[in-house]
Structure formats: C-alpha cells, structure tokens
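Asker: Please see the structure below; I have some questions.
The values are calculated or read from the model by the stated rules, or taken from the named source; none is laboratory data. Because the structure is predicted, anything quoted here is derived from the model rather than measured. Ideal geometry is used to build each Cβ from the backbone, glycine not excepted, and the neighbour counts take in all protein chains shown.
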Amino acid sequence: MIEVSEKRHRHGHLDWSSHAKDEILELIWTQAEEGKDDLEHLVETANEADARDIIKALEDDGLVTFKDDRALLTKKGLEAAVGIIRRHRLAERLLSEVFDLEDEYVHREACKFEHILGPEVTDSVCTFLGHPPVCPHGKAIPRGECCAKFKRDVRPLVVPLRDLEPGERGRIVFMTPKEHEVLDRLSTMGLIPGSVITLHQKRPSYVIRVGETDLALDEKIARDIFVKKAE
Amino acid sequence: MHGRSRDRPKTGRRYALVGNPNVGKSVIFGALTGRYVVVSNYPGTTVEVSRGRAGFDRDSELIDTPGINNLIPMSEDEVVTRDILLQEKMDAVIQVIDAKNLRRGLLITLQLAEMGLPLVVDLNMVDEAGARGITTDADALAETLGVPVVETIATQRRGIGGLVKAIAGARPSDFTVRYDEDLEEAVGEVAGLLPETNISKRSLALMLLAGDASLAPWVERNLGEEEVAAIREVRHRLEAHYREALSSVITNYRLVAAEAIVMKVQRQMHVEKRPLAEKLGALAMHPIYGIPVLLGVLFALYLFVGVFGAGTLVDFFQGTVFEGHIGPAAVGLFDRLLPFPHIHHPVPTSPYNYEVTASLSTLQEGFRFVHDLFVGQYGMITVALSYSIAIVFPIVTTFFIAFGILEDSGYLPRLGVMTNSAFTRIGLNGRAVLPMVLGLGCGTMATLTARILETRKERVIVTLLLALGVPCSAQLGVILGILGPLPFTATLIWAGVILCVLLLVGYLASKVVTGDGEACFLMELPPMRLPQLTNIAVKTIARIEWYLKEAVPLFILGTLVLFTLDRLHALAALENLARPVVVGLLDLPPETTGAFLIGFLRRDYGAAGLFALASRGLMDPVQSLVSLVTITLFVPCIANFFMIVKERGAKTAIYMVAFIFPFAFLVGGTLNLILRTLEVGL
C-alpha cells in the first residue's frame, strides 16, 4: 500500500495519499512521546522523501500547526494520531502474541494494519486481547471506547490456557500449534473449538479434563490453546 | 509378555476389535476367545496384534488391535491397526467405545462407516458412564448409524452374549459424512484413480488427500507413477483452498458430524459426587503430595519385591528347599545311580565341590560326566534350576503381582505427569515413562512398547536406555537381594550411579540422535480404578508362564555353555583373558568372569551368578557394588537384542551393543577407582 502512495506521488498528484499522511502523523506522535517536536528533526527522521511537503499538506488539512520551528498536532490531528497509534500497537500485540510472528514481521505488518482497521474491528481486537495497556515494546496503547466500557472487567476475554488458574473452566476459542499434527492429535482427543475444558493443575505438568477424558500436556501445548473463561 | 498364534482359518470368517486406547478391547477379546492377552489400565497396553478363535464361531479368527484415536495414524501402533483394516478382509469390525467418551469413539465409527466395513458398535463401560451421569440411547444410535449397537460392562462379563448376537447382524453403516464441494470433488477424482481394496475407495481417497505418510508403502505397491502424480496434483490444488492442513479440515468435518450424533443420543446429568478414586488420582499428580506418593509406591515395591520376594521367599526356596533338600537329594541320587569314588565336602565357597578319591575307569568317567552335568558346579539342577526357580522365580512373581496392581490402578500415566520435565531434559517426555517402567518388568516387551512414542528419536533413545541401564524385574530382584545385606548407602550409590548414567547418556543421545520433529507431551490419563483381583491373578500367571517359557531355557542353555567351557578348560582361559578387565580394572575375583559371560545371555542370570558368589562371601561390599553396577549396565539379553533388531534395525542394535559393552566396564572401573581412592567403607 505504501508502494501505491509513492506511485501516485511520482505522477505528480498533490493530493498526498492518506497512508503517507498517517505515517507522518504517527511519527509526530512518537517523536512527541520522546519529547521531540523539532520540525527539522522530524523531516530527517521520516522515511518519506517529501516529508516536508506532506507536513505542509497536513497543515492544510488542519491537523498540524507550527510554532517556531516545532510541529504540533492540532486537536483534530491528535485524534487522528491516537487512532493510528492505537491500531498499530494493538496490531503489534495481536501479531506477536496470538500469531507468534517474528519481530520484524510484526512491525512491518502492523504498519499495514494501522491504515486499514475500521473502528469496530479495532475495538474487537482490543477486547479480544483484553484491552492491553501497552504494546510488546512497552509503549502505551491509547485507550479506546471499548476500554472504558470494560474498565471494571480488566481481565482479557480470550486467554491462553496457561493463564487459567487450576479449577477454572474455559471454552476453547482457537488453537494455534505450530505443527498441524499436534492440532490433529488434540482434536482427536476431543479438544476442538467450542469444547469446554477444566484445568486441574499446572505443575508439574498441565492436566485438563475435556468431556470425560483427562489429558496431561506440557506448557508448550498449553500456550497454544486459547480459551474464553466459562463460569 | 503375551503369546501369539497364527492358526489362520482357511475358509472361516475374520473379525477385528477396533477402538480408542484403553476402552477394553483386550478384555472383550479375552471374553470372546477364552485366550488371555495382557489387560491393563493405561492406553497402549496392546502394541502388537493378537489373534484367536472366537468362541461363537469355531471356524473364525478374531483380531485384537492396538488402540487408535484416528484412522489417520500418528504413531507406529496406530499404523498397525490401520494396516490390518486395509490389508485383511473383515467379515465384521467390532468397534469398542468407552461409553463416557462417545464423541471420540464416533470419530472412529464415522471413518469405519466411510470404509464401508460391516460394523458393530459396542458401548463398553456403561457402568462408569452411569456413575458420571451419562446415559446413551443405544437404539437411537443404532438407528442413526444403521448398524447394531450393544452395551457391555466387559470386566464383569455383562452384555457379552448380546454382543455375540449382534456380531451376526453386522452390516456397513449407511451414515455418510458430507464434506464441502471442493473436497467432495477431489475425493471423486482421486477415488477414480484407485484400485479395488478391502475398504471403500472414498475412504482411501480421503486418507491420501489427508497426506497420510504412513500409506507410502501401500501407494508404492498399488499405484503407478502416473496415478501418484495425479493424486499429488489434486491434493496441491485442494490445499490452496484451506488455511489449515487438509488432515485437520477432514477431521473437523467428522468431528462436527460426531458431535451432532452425540447431541442426539446422549444425555448428561450433573453428578455432584465424584468418585474417591478421582481424588486419589489428583493426589498422585499433585506438585507437592505427588512426591511422597511416589516415594511411598517405591518403598512399598521395595518391601514387597526386595524384602519379601528377594529376601524371605528366596531364603526359603534357595536356602531351605534347594540347598537344604533338593540339592543334597539330587546329589545323593546321582551318587547312588552313577557311582564313582569321590567325597563331597560342604565347603562354604561351593556346596557342590567334591574331591575324587581314586583314579577312575572309563565308565566311571562317564558317570562323573553325567553327575557333573546335573549336580556339578555348573549343573542343570544345582545351577540352572536353582537360579531360575529358587532365586529368580520368587522375585519375578512378587514383581509381577506388584506391577500388575500398579498397572491396573492407573498410577503409571500419572507418574508420567510427575516426571515429564525430567524426561524433557533427555529428549523425551512424560509418555516415555510407560516403556521405561515396563522395562522394570521386561526390557524386551518394553522395547516393543516404544512404538507408542511419536518420533523415531524418542524411540531410539528409549530403546538405548532400556538396553543400557533399566534392570528387568528378575535382575532388579537379584540385585536387591545382594544389596539387602549391605548398608543402605550401597543401595543409594547403586541407584544414584545408574540414574546419573541414564540421565547423562540420555542427554548425550538427545544431542546426537537426529530427530524428525519435536514431540509434544500429550497423554491420556485413564481413570484411577481399584485393581481387580482376578485380572491381577490371571495377568501374573500369564507373565510367569511367559517367564518360564522364555527365561528357563536360556538359563539351561547358559549353564550348558559354562559346563562345556569348563570341560574344555576354556573357562579358566577366558578368566585369564578377562583378568585385566575383571581383576585389573574392576578389582573383582576372577570367578565373576563366569557371571559376566552368562550375562550375555541374560543379565538377570549374570546377576544371579554374582548373587551366589556374594552369598558365599567371595566378594567384599565394594566388590559387590562394583560388580552390580557393571552387570546392571551390561549388554541387553539375547531376547532384547533381537527385539531391538526387529524394531530398530540390525545396524542400530549393533551400534548400541558396541557402545554399551565397553561403557559398562568403564563405569564399573571408574566407580571402583573412586570408591577405592576415597576409601569408602561399606
């Protein structure tokens, strides 16, 4: 998608793609997070060759204002940036935690997500992850409306089996073992999305009950079974 | 530990018992054939096929198969079952289902239905299901599947008559699992390429689409290159449609269908009171209380086998019965029947030594030969029978009883839960506890049981450790018998050394042996049950029978070898030859060479030889300990060696022995050096 925006630019359109604008807004936010708002520094740090022009365009849109040599977000700009950052960092968490992707992929893919997630999907991802406060790198994830709604119940909706306490029950939402043989083995034992399992113990090995089958498994597998807690 | 017979009927019918692990197939096999195959309370007891003649059809063959969770096999024992269905024409398949785990059973039923095999479904253990509030409408299930469905409690012989009647009405199920359009189309395409077999083309096509690698030998024999390429093409095209592996997609459709049937035919009521056995089971796996439970079990085992079996019983049989009565009586008998001038003087070193008091005629030399063959220093009665019946027999008997109780209680898989993390350090996981503990019964059987492990790497490591350092019941008992009179420190040092060696070699092997993917620990825990006295008794008798058939002839053979070597004066030469190792390295008396020599045949026999030497005071405590460590790590017995050849190949077997033989002496020598240097007093 970034390629597309560059192509447009080369063709001389002055209407900068929203992706490029998003990138700069994101950069202004992260720089501000680190206490930097110097315009020159911003232009240097940006990946986009025409960063200066894009910032200008952002000013035209009423998202950025300049004060001395500093680029600041307007109220409208701030709102837009918060959304982008929130989508990016939630995506990072989703990709690294749930899909177990390598760091480099996480970053690259999260950059795509931030442009395409709609508000409902963003809130669903947030809820799904249990309204996480920080991204995998420890930076704050801006709160969304969904977070406020679920403030009282800060526990995530879907957790890996290993986050359950002995005695608790959960309904399997999905399983993500790296080898499909493990998935097949689990399913023939009765572990499939929808089945309710009871966690009996976590040490020295995990012991769970599904239906009337008691199963022992190690943490490697328990990590890859995601459940929704059941009462 | 179970026999096999292949008296295959020429024209008769053939039936197979199929089902999930630990659902009672072997019990039903026993009930239908009157033949005993080992029955235990853990998944994977049956790893080999048993065949027998069904009582209800004198001209038939009934086959007991290893348990399966899916007919797309994931371990070697599951392959065995699938291959039987594929290669042998069945007149009826009797599927045994654990009534409280209907869904898992139905996953297999649906595949059997797909295969088009005449089917009977047996809902077994309805008592256990009932205790958990689960009831199944057998008639509704029969109607849904279109095959006879019966209920049994096999351990109490209930419902067996109904099962027999139902077998006559076995028919292919008309229930069909429907897959999505793409899959159905691919199935049709692949089925068109397949030859006629015992199972339907549809089911075979689904197996091939699922990418079942274990079918490769069948494919090679039955399909041409063109067909193989065409099937591969269809599969690759189909794979692009799904996120998951095709095998998962197919299994999922079946599970959904199974779940729908369960919803229709099964009711579960909530039961507040869970059985007491369940609490005991939880205790046995508890991170803290599990340890005292384990120590308690070990101590009870030690008391029953080590103290009662190897102490009290052996003292009685060896000391009182054999050396007090049978031995002297046999000597007296031979002296009277085949007289030659000699006197026995009961010296403590060997009660069967004698001195010839005059020069002998040729006839008298002949008498002396027969005399020695039976009651001499290496005689059939004085050594072979005395060792096998008086020393080893009481020990294995007590062990088999204790072991049977442990097996049937359901404790062993729970031990796997306790030891999983230790096993992961040596490239294995908690599942390996089953073959390893079975090795304490018999290494040969345990080597066979390694089939239940998923990866080749695990199977090789377990086979090596079994061959190297897991003493079998007979050997263990004899060893405990020698250690008994010594201070407890000796037992601790022996156990510590063996355990360290197993861990070290296991660790190194896990680095050296190449693997085919890492196995995850996933093991089914059977319910804890009160062992049934009759099953323990029958099982113990079956195992003793096996011991007598397999071990006693080898004891006799070993004694004959020693006798011959002694006659040819080769024994002394061998003792001289081995002197640098046995005397030089291990500081043992030269007589132990004989014990090590017969250790090649059976390690327990070697240990029994050491037992005899130790009990005559020929070895000091340190020597006893060093010789015990060496014989424990000594080469696997002949039977085990051939089992390794059969299961893992001749090359692997030879490599293992080539490593173990010098390694045993190396460890023994090192231990001797350490004990002597530190002047450890025992």
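Asker: Could you tell me whether segment B:451-470 includes any residue that is polar (S, T, N, Q) and away from every other protein chain (no Cβ under 14 Å)?
Answerer: So far as segment B:451-470 goes, yes, one or more of its residues are polar (S, T, N, Q) and away from every other protein chain (no Cβ under 14 Å).
For every residue, the table says whether it meets (1) surrounded by 14 or more Cβ atoms within 10 Å (Cβ to Cβ); (2) not hydroxyl-bearing (Ser, Thr, Tyr).
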site: B:550; (1), (2): yes, yes
site: B:555; (1), (2): yes, yes
site: B:558; (1), (2): yes, yes
site: B:564; (1), (2): no, no
site: B:567; (1), (2): yes, yes
site: B:572; (1), (2): no, yes
site: B:577; (1), (2): no, yes
site: B:583; (1), (2): yes, yes
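Asker: With respect to the numbered conditions (1) closer than 21 Å to residue A:27 by Cβ; (2) at pLDDT below 80, which one is the sole condition not fulfilled by residue A:140?
Answerer: Condition not satisfied by residue A:140: (2).
Asker: Which one is modelled with the highest pLDDT, of the residues in segment B:272-282 that are more than 14 Å from residue B:406 (Cβ to Cβ) and more than 11 Å from every other protein chain (Cβ to nearest Cβ)?
Answerer: Out of the qualifying residues, it is B:279.
Residue-by-condition table, conditions (1) within 14 Å of another protein chain (Cβ to nearest Cβ); (2) surrounded by fewer than 24 Cβ atoms within 10 Å (Cβ to Cβ); (3) closer than 23 Å to residue A:212 by Cβ:
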position	(1), (2), (3)
B:60	no, yes, no
B:80	no, yes, no
B:86	no, yes, no
B:89	no, yes, no
B:93	no, no, no
B:96	no, no, yes
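Asker: Looking at segment A:198-231, which of its residues are over 19 Å from residue B:263 (Cβ atoms), more than 9 Å from chain B (Cβ to nearest Cβ) and aliphatic (A, V, I, L, M)?
Answerer: Of everything in segment A:198-231, those that are over 19 Å from residue B:263 (Cβ atoms), more than 9 Å from chain B (Cβ to nearest Cβ) and aliphatic (A, V, I, L, M) turn out to be A:199, A:208, A:222, A:225, A:227.
Asker: Among the numbered criteria (1) within 26 Å of the chain's Cα centre (by Cα); (2) farther than 23 Å from residue B:32 by Cβ, which one does residue B:80 miss?
Answerer: So the condition that residue B:80 fails would be (2).
Asker: Suppose the filter is in the same structural domain as residue B:671 (by TED's automatic domain parsing) and assigned to a helix (DSSP H, G or I); does residue B:402 pass it?
Answerer: The answer is no for residue B:402.
Asker: From B:300, B:284, grab the single residue that is touching a residue at least 60 places away in the same chain (Cβ under 8 Å), buried (at least 18 other Cβ atoms within 10 Å of the Cβ) and small (Gly, Ala, Ser).
Answerer: Result: B:284 is the single residue among B:300, B:284 that is touching a residue at least 60 places away in the same chain (Cβ under 8 Å), buried (at least 18 other Cβ atoms within 10 Å of the Cβ) and small (Gly, Ala, Ser).
Asker: Another one. Looking only at segment B:214-246, which residues are exposed (fewer than 10 other Cβ atoms within 10 Å of the Cβ), more than 22 Å from residue B:85 (Cα to Cα) and either touching a helix residue (DSSP H, G or I) at 6+ places or on another chain (Cβ under 9 Å) or within 14 Å of another protein chain (Cβ to nearest Cβ) (or both)?
Answerer: Residue satisfying the conditions is B:243 alone.
Okay, residues lined up against (1) within 11 Å of chain A (Cβ to nearest Cβ); (2) closer than 25 Å to residue B:143 by Cα:
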{"position": "B:254", "(1), (2)": "yes, yes"}
{"position": "B:261", "(1), (2)": "no, yes"}
{"position": "B:266", "(1), (2)": "yes, yes"}
{"position": "B:270", "(1), (2)": "no, no"}
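Asker: Related question: Which of (1) free of Cβ contacts under 8 Å to residues at least 60 places away in the same chain; (2) out of contact with any strand residue (DSSP E or B) (no Cβ under 9 Å at 6 or more places or on another chain); (3) among the charged types (D, E, K, R) is the odd one out, the single condition residue B:64 does not satisfy?
Answerer: It is condition (2) that residue B:64 fails.
Asker: Looking at residue B:337, is it without any contact (Cβ under 8 Å) to a residue 60 or more places away in the chain, out of contact with any Phe, Trp or Tyr (no Cβ under 8 Å at 6 or more places or on another chain) and of a type outside the set (S, T, N, Q)?
Answerer: yes
Asker: Taking residue B:359, is it free of Cβ contacts under 8 Å to residues at least 12 places away in the same chain and surrounded by fewer than 24 Cβ atoms within 10 Å (Cβ to Cβ)?
Answerer: yes
Asker: Filter segment B:472-517 down to the residues that are buried (at least 16 other Cβ atoms within 10 Å of the Cβ), under 21 Å from residue B:75 (Cα atoms) and not hydrophobic (A, V, I, L, M, F, W, C) and list them by number.
Answerer: B:510
Asker: Oh, and also: Out of everything in segment A:176-197 that is more than 10 Å from every other protein chain (Cβ to nearest Cβ) and in contact with a Leu (Cβ under 9 Å, 6 or more places away or on another chain), what residue ends up being surrounded by the most Cβ atoms within 10 Å (Cβ to Cβ)?
Answerer: Taking the candidates together, the pick is A:197.
Asker: Where residues in segment B:405-424 are within 18 Å of residue B:466 (Cβ to Cβ) and within 14 Å of another protein chain (Cβ to nearest Cβ), which of them is surrounded by the most Cβ atoms within 10 Å (Cβ to Cβ)?
Answerer: Looking at residues that are within 18 Å of residue B:466 (Cβ to Cβ) and within 14 Å of another protein chain (Cβ to nearest Cβ), I get B:416.
Asker: May I pose another question? List pairs: first in segment A:112-124 and among the charged types (D, E, K, R), second assigned to a helix (DSSP H, G or I) and loosely packed, with under 13 Cβ neighbours inside 10 Å, Cβ under 8 Å, 6+ apart or cross-chain?
Answerer: Final answer for the pair search is A:123/A:145.
Asker: If you go through segment B:414-436 one residue at a time, how many are part of a helix (DSSP H, G or I) and in contact with a helix residue (DSSP H, G or I) (Cβ under 7 Å, 6 or more places away or on another chain)?
Answerer: The qualifying residues number 15.
Listed here are the residues, each with its yes/no results for (1) within 38 Å of the chain's Cα centre (by Cα); (2) among the small types (Gly, Ala, Ser); (3) farther than 25 Å from residue B:81 by Cα; (4) not assigned by TED's automatic domain parsing to the domain that holds residue B:96.
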site	(1), (2), (3), (4)
B:147	yes, no, no, no
B:150	yes, no, no, no
B:154	yes, yes, no, no
B:187	no, no, no, yes
B:198	yes, no, no, yes
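Asker: Which residue out of B:237, B:254, B:232, B:243 is touching a residue at least 12 places away in the same chain (Cβ under 8 Å) and over 38 Å from the mean Cα position of the chain (by Cα)?
Answerer: Just a single option satisfies the conditions, and that option is B:237.
Asker: I need every pair where a residue in segment A:62-80 that is within 20 Å of residue A:117 (Cβ to Cβ) has its Cβ under 6 Å from the Cβ of a residue that is surrounded by 12 or more Cβ atoms within 10 Å (Cβ to Cβ) and not aliphatic (A, V, I, L, M), sequence separation at least 6 or different chains.
Answerer: A:63/A:74; A:63/A:76; A:63/A:77
Asker: Would you mind stating whether residue B:106 is surrounded by fewer than 24 Cβ atoms within 10 Å (Cβ to Cβ), under 20 Å from residue B:171 (Cβ atoms) and within 14 Å of another protein chain (Cβ to nearest Cβ)?
Answerer: No, not satisfied.
Asker: Within segment A:56-103, which residues are touching a strand residue (DSSP E or B) at 6+ places or on another chain (Cβ under 6 Å), β-branched (Val, Ile, Thr) and crowded, with 21+ Cβ neighbours inside 10 Å?
Answerer: Once the filter is applied, which keeps residues that are touching a strand residue (DSSP E or B) at 6+ places or on another chain (Cβ under 6 Å), β-branched (Val, Ile, Thr) and crowded, with 21+ Cβ neighbours inside 10 Å, segment A:56-103 yields only A:64.
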